Amino acid sequence: MQSLTARILARASGKSKVEPGEVVIANVDKIVLTDATGPMAVDILEKLGVRLTHPADVYIFLDHYSPSPSISASNIHIRLRKFAKAYRVPNLFDVGEGISHQIMVEGIVRPGEVVVGADSHTTQYGALAAFATGVGSSEAAYAMVMKKLWFKVPEPLFIKLTGSLPPYASGKDVILSILSTLGPDGANYRALEFLGPGLKSLSMSERLTIANMSVEGGAKNAIFPLDDIVIGYFEELGISLDLERLGYLKEPAIDKFDYTVDLSTIEPMVAKPHNPANSVPVSEVEGVKIDVAFIASCANGKYEDLVVASRILKGRKVSKDVRLIVTPASKRVLVKALQDGLIQILLEAGAIVTPPGCGACFGANLGVVGDYEVAISSTTRNFTGRMGSPKAQVYLASPATVAASAIEGCIADPRRYLR
Amino acid sequence: MDLKLIEGEVKVLGDNIDTDVILPGRYLIYTDPEELGKHALEGLDPDLPTQLKGKIIVAGRNFGCGSSREHAVLALIGAGVKAIVAESFARIFYRNSINRGLLVIEAPGIKDKVKDGDKIVIDLERSCISLPSGECFHFRPIGEEVIQIIEMGGLIEKLKRELGLM
């Protein structure tokens, strides 16, 4: 039985069937550029002096430096705005709109599409049963002109999900647990395909986090099948899918799985410095004193993440020795959280709420971590120096674990707050 | 680039050489390969940038892991690296290398076969690396499409041809 990834790549390259290892030239539906790697792609296009044939399929996001913290970042923004005008790219999301990966899943990416982004966390869109992967700047430029790109069809890595995710655990805990098994290159080049009866207990929010961080194991892409949860997600966005045409994205029958994950056994996990694969159950690091806590990023700055954080923080206070910085992933997330009273709860608990963007995850602004500081963060990566000082220690965890830790001033088990 | 036979002196590196070690973030302000080359692998050893001219890097697992920055590839090209042979590559780095015309070869087991300063020859037609011992170390053939991109000098050179710009 063919993997979901192979099925999408076969259709995109006009073939009836493709095999893992085969190189195909596939049509690309959408291309994502950000203010971090976009300028190099823009350089290439301007030097070539070519027009874009499909400018409406290019999406430019000013999200890594949002709003700009420096003159050089401001100049990059000026350059990208000028480029969008000159090349008639209608979809430029300016500072304050939010993170590319969040906005792309708020109604832009559709199931079955091939999407490339000049950013490694592009894998996130696989939660919507799309093929999405990170590329370099040259490839982004090439795809912007030709609307196609070469891909080696990845070998699938089938993960069977069984059981039901407990209410105190989240998608972050699932992916950190999987990464601790796979290691930092255990999924290199592979397509992580999440299947099995456990899917029913994974909401779209959890799936997005899992697909996003699959790249931390080296995965080329991650993908979930088209099921009722995906269909319901699009319905909520007011988008009706052509289910007959998309029938090939339904869960394939797989005889042999590479791994089985029993979701009912997942407990709160924490990734120790300096790799997301360096994950352990929270009990092993409980009590580690923290200076700063972040609820942010494409992986975990979603509305649902703010809901769980507010639930824990309601009527409680952030420890006086800790800064809790909350950066919603998009303006849409921020507005909804504001309307539903979540922002007020967070502020009253002592959190700092920033404008949407990549924020501290990228180490550029909105709470850069200093020398010898210890952080607990719901963000994507904890590489040395990623969030600021190379001397800092960054622990990754779910928004629930981050919120509980912010209250206690040290790494804490969120189960005490989620009964 | 003529890819029939590539000859060079070996520089051996370890596992998980990440893009921050290859080119620290503070140099992302440059895009010129020569300028970037002055800092190639400086995160590993400050003397390395000047020792890479004409070298073939032989590395361990997961070479180039981390960010999608293409600057890392440009730095190695700028420093004069002829090719990289590794046990395995991180995928975005692998693609960026090909797209910038830098030959990258996956050859599991190669690391134990060579040491610093060895002269090796990469033969793409036979998919083999000639070792100083005279032994031929085989690797999985690289696809025609990929060789074509490298021969043209990278993805953008290919694009120029496809668009009739040269």
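The values are calculated or read from the model by the stated rules, or taken from the named source; none is laboratory data. Here the structure is a predicted model, which means the values were calculated and not measured. Cβ: placed from backbone, ideal geometry, glycine included. Neighbour counts: every protein chain shown.
Quick rundown of the values:
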read-out: Residues satisfying the stated conditions in region A:186-218, i.e. hydroxyl-bearing (Ser, Thr, Tyr) and either away from every other protein chain (no Cβ under 14 Å) or touching a strand residue (DSSP E or B) at 6+ places or on another chain (Cβ under 6 Å) (or both); value: A:SER201, A:SER203, A:SER205, A:THR209, A:SER214
read-out: Pairs with Cβ under 6 Å, 6+ apart, first in region A:195-221 and within 26 Å of B:TYR94 (Cβ to Cβ), second aromatic (Phe, Trp, Tyr); value: A:LYS220/A:TYR189; A:ASN221/A:PHE131
read-out: Qualifying residue in region A:55-70 (condition: assigned to a helix (DSSP H, G or I), in the same structural domain as A:ARG190 (by TED's automatic domain parsing) and free of Cβ contacts under 8 Å to residues at least 12 places away in the same chain); value: no
read-out: Among (1) within 14 Å of chain B (Cβ to nearest Cβ); (2) in contact with a Pro (Cβ under 6 Å, 6 or more places away or on another chain), the one test that A:PRO356 misses; value: (1)
read-out: Elements of type strands (runs of 3 or more DSSP E) contained in region A:303-419, each with 1 or more residues being touching a strand residue (DSSP E or B) at 6+ places or on another chain (Cβ under 8 Å) and among the small types (Gly, Ala, Ser); value: A:374-377, A:393-397
read-out: Top-ranked residue in region B:87-139 [being touching a strand residue (DSSP E or B) at 6+ places or on another chain (Cβ under 9 Å) and among the basic types (Lys, Arg); ranked as farthest from B:LEU48 (Cα to Cα)]; value: B:ARG126
read-out: Residue in region A:68-80 that is away from every other protein chain (no Cβ under 13 Å) and in contact with a strand residue (DSSP E or B) (Cβ under 9 Å, 6 or more places away or on another chain) present; value: yes
read-out: Exclusive hit being touching an Asp or Glu at 6+ places or on another chain (Cβ under 7 Å) and more than 13 Å from A:THR401 (Cα to Cα), set A:VAL261, A:VAL326, A:VAL322; value: A:VAL322
read-out: Some residue of region A:85-102 being within 14 Å of chain B (Cβ to nearest Cβ), at pLDDT below 95 and either in contact with a Leu (Cβ under 9 Å, 6 or more places away or on another chain) or assigned to a loop (DSSP other than H, G, I, E, B) (or both); value: no
read-out: Residue in region A:224-244 that is touching a strand residue (DSSP E or B) at 6+ places or on another chain (Cβ under 8 Å) and assigned to a loop (DSSP other than H, G, I, E, B) present; value: yes
read-out: Selection from region B:132-147 of residues that are facing chain A (nearest Cβ under 10 Å) and of a type outside the set (A, V, I, L, M, F, W, C); value: B:ARG140, B:GLY143, B:GLU144, B:GLU145
read-out: Those residues of region A:228-242 which are under 15 Å from A:GLY112 (Cβ atoms) and surrounded by 11 or more Cβ atoms within 10 Å (Cβ to Cβ), in sequence order; value: A:VAL230, A:ILE231, A:TYR233, A:PHE234, A:ILE239, A:LEU241
read-out: Number of positions in region B:32-47 that are within 14 Å of chain A (Cβ to nearest Cβ) and in contact with a helix residue (DSSP H, G or I) (Cβ under 6 Å, 6 or more places away or on another chain); value: 4
read-out: Count of residues meeting criterion [modelled with pLDDT under 95 and surrounded by fewer than 22 Cβ atoms within 10 Å (Cβ to Cβ)] in region A:195-227; value: 0
read-out: Test for A:GLY301: is it exposed (fewer than 13 other Cβ atoms within 10 Å of the Cβ), touching a residue at least 24 places away in the same chain (Cβ under 8 Å) and of a type outside the set (Asp, Glu); value: no
read-out: Single residue of region B:76-94 satisfying the filter (part of a strand (DSSP E or B) and within 14 Å of chain A (Cβ to nearest Cβ)) that is modelled with the lowest pLDDT; value: B:PHE89
read-out: Subset of region B:48-75 (residues that are closer than 27 Å to B:ASP123 by Cβ, surrounded by fewer than 24 Cβ atoms within 10 Å (Cβ to Cβ), touching a helix residue (DSSP H, G or I) at 6+ places or on another chain (Cβ under 8 Å) and within 14 Å of another protein chain (Cβ to nearest Cβ)); value: B:ALA59, B:GLY60
read-out: Check on A:LEU62, over 25 Å from the mean Cα position of the chain (by Cα) and either more than 11 Å from chain B (Cβ to nearest Cβ) or closer than 24 Å to A:PHE151 by Cα (or both); value: no
read-out: The listed residue being under 30 Å from A:GLY21 (Cβ atoms), surrounded by fewer than 17 Cβ atoms within 10 Å (Cβ to Cβ), within 14 Å of chain A (Cβ to nearest Cβ) and touching a residue at least 12 places away in the same chain (Cβ under 8 Å), out of B:GLY14, B:GLY101; value: B:GLY14
read-out: Flag for B:PRO108 being assigned to a helix (DSSP H, G or I) and not aromatic (Phe, Trp, Tyr); value: no
read-out: Condition broken by A:GLY49, with the remaining ones in (1) more than 10 Å from chain B (Cβ to nearest Cβ); (2) on the phi > 0 side of the Ramachandran plot satisfied; value: (1)
read-out: Per-region count, region B:116-166, residues among the acidic types (Asp, Glu), part of a loop (DSSP other than H, G, I, E, B) and within 17 Å of B:ILE56 (Cα to Cα); value: 2
read-out: Output for region A:68-94, where each listed residue is over 14 Å from A:LEU33 (Cα atoms) and surrounded by fewer than 16 Cβ atoms within 10 Å (Cβ to Cβ); value: A:PRO69, A:SER70, A:ILE71, A:SER72, A:SER74, A:ASN75, A:ILE78, A:LYS82, A:LYS85, A:ALA86, A:ARG88
read-out: From the options B:ILE122, B:ILE150, B:ILE129, B:ILE156, residue that is among the aliphatic types (A, V, I, L, M), surrounded by 20 or more Cβ atoms within 10 Å (Cβ to Cβ) and either within 10 Å of chain A (Cβ to nearest Cβ) or within 22 Å of B:ASN16 (Cα to Cα) (or both); value: B:ILE156
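To keep it simple, each residue is scored yes or no on (1) within 14 Å of chain B (Cβ to nearest Cβ); (2) surrounded by 24 or more Cβ atoms within 10 Å (Cβ to Cβ).
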{"position": "A:SER378", "(1), (2)": "no, yes"}
{"position": "A:ARG381", "(1), (2)": "yes, yes"}
{"position": "A:MET387", "(1), (2)": "yes, yes"}
{"position": "A:LYS391", "(1), (2)": "no, no"}
{"position": "A:ALA404", "(1), (2)": "no, yes"}
{"position": "A:ARG415", "(1), (2)": "no, no"}
{"position": "A:LEU418", "(1), (2)": "no, no"}
